[in-house]
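The values are calculated or read from the model by the stated rules, or taken from the named source; none is laboratory data. Bear in mind the structure is a predicted one, so any value in this text is a computation, not a measurement. Don't worry about glycine lacking a Cβ; one is built from the backbone with ideal geometry, like all the others, and counts go over all protein chains shown.
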Amino acid sequence: MTQGTGDLRIERESPLARDLSLLFERHTADMHADTPPESIHMMPRAALAGPDIAFFVLREAGRPLGMGAVKRIAPDHGEIKSMHILSETRGRGFSRLMLQALIDHAKNERMARLSLETGVQPTFIAARGLYARAGFVECGPFGEYGADPNSVFMTLGLKNTEADG
């Protein structure tokens, strides 16, 4: 899947590409900034290369500025993982574009639901707002998650227009 125009592209890639190190370093730093270690549910970089995960990179003029993944956790259910946009490029709509690419991927894969876990800390206010504006609503823990006072769980029902006719 390729999404974008001109020098801005979102494409499926390997999370192991060398030029993604800064994205992973920043993502890791953000996750550890104010979240207790036991409440960090970030996947290791190598695990994002697994067969049940679709990993996407947002690039502008070839430079990686954002990433996100969809992990299939059931035949009809996906989870957003490792969504991150470099802080110096925020405010340009890249988070919205990446989120839409992940939603579109889940729909194309005929998933009926897409869920996510994010933090309750102030660091995650903008992310929670982005997800809510896209239609995600709070829900209980899903998949292998348990209740966690430092986590917010959200989900979005997906309509596959092809299947819905």
Tally, over the stretch 26-50, of residues that are modelled with pLDDT of 95 or more and over 16 Å from the mean Cα position of the chain (by Cα)
0
Residues of the stretch 7-25 being modelled with pLDDT under 95, part of a helix (DSSP H, G or I) and under 16 Å from Gly62 (Cβ atoms), in sequence order, are Arg18, Ser21, Leu22, Leu23
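Working carefully through the options Leu156, Leu114, Leu86, find the one that is in contact (Cβ under 8 Å) with a residue 40 or more places away in the chain and closer than 19 Å to Phe24 by Cα.
Values: Leu156 fails: closer than 19 Å to Phe24 by Cα; Leu114 fails: closer than 19 Å to Phe24 by Cα.
Leu86 is the lone residue from the list that is in contact (Cβ under 8 Å) with a residue 40 or more places away in the chain and closer than 19 Å to Phe24 by Cα.
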First in the stretch 68-83 and under 18 Å from Arg96 (Cβ atoms), second anywhere and of a type in the set (Phe, Trp, Tyr), Cβ under 6 Å, 6 or more apart
Gly68/Phe56; Ala69/Phe55
Exactly one of these conditions fails for Phe124: (1) touching an Asp or Glu at 6+ places or on another chain (Cβ under 8 Å); (2) under 25 Å from Ala47 (Cβ atoms). Give me its number.
(1)
Answer yes or no as to whether Lys107 is touching a Lys or Arg at 6+ places or on another chain (Cβ under 7 Å) and charged (D, E, K, R).
no
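Among the strands (runs of 3 or more DSSP E) lying completely within the stretch 42-131, list those that include at least 3 residues that are touching a helix residue (DSSP H, G or I) at 6+ places or on another chain (Cβ under 7 Å) and farther than 19 Å from Phe153 by Cα.
On the way: elements: 53-60, 63-74, 77-85, 113-119.
Fully inside the stretch 42-131 and qualifying: 53-60, 63-74.
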